[in-house]
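The values are calculated or read from the model by the stated rules, or taken from the named source; none is laboratory data. Note that the structure is predicted; figures quoted are calculated from it, not measured. Here the Cβ positions follow ideal geometry from the backbone for every residue, glycine too, while neighbour counts run over all protein chains shown.
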C-alpha cells in the first residue's frame, strides 16, 4: 500500500497555505527559560523533545 501524500495527512496552516513567510521565533526557545524551568513542557523533558514518535496535536483556532 503506497504512502499518502503529506497534504492528505496534514493540512497546512492558512498563513503557510497562502505562502506568507514563516516567523522564525515560532521555532525558537530561549535557553535561559529552559535553564530556569520556565520553557514550555516540550523543552523541559529531553526524552519528550528528542522522541521521534511524539507529534503534538496542533492547537485549534
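Quick look at the values:
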quantity	calculated
Cross-chain or 6+ apart pairs with Cβ under 7 Å, the range 23-38 first and farther than 26 Å from residue 13 by Cβ, then in a helix (DSSP H, G or I)	37/44
Hits in the range 1-28 (condition: surrounded by 10 or more Cβ atoms within 10 Å (Cβ to Cβ), at pLDDT below 80 and either assigned to a helix (DSSP H, G or I) or touching a helix residue (DSSP H, G or I) at 6+ places or on another chain (Cβ under 7 Å) (or both))	16, 17
Scan of the range 29-57 for residues that are exposed (fewer than 10 other Cβ atoms within 10 Å of the Cβ) and not in a loop (DSSP other than H, G, I, E, B), ordered by number	32, 35, 41, 46, 47
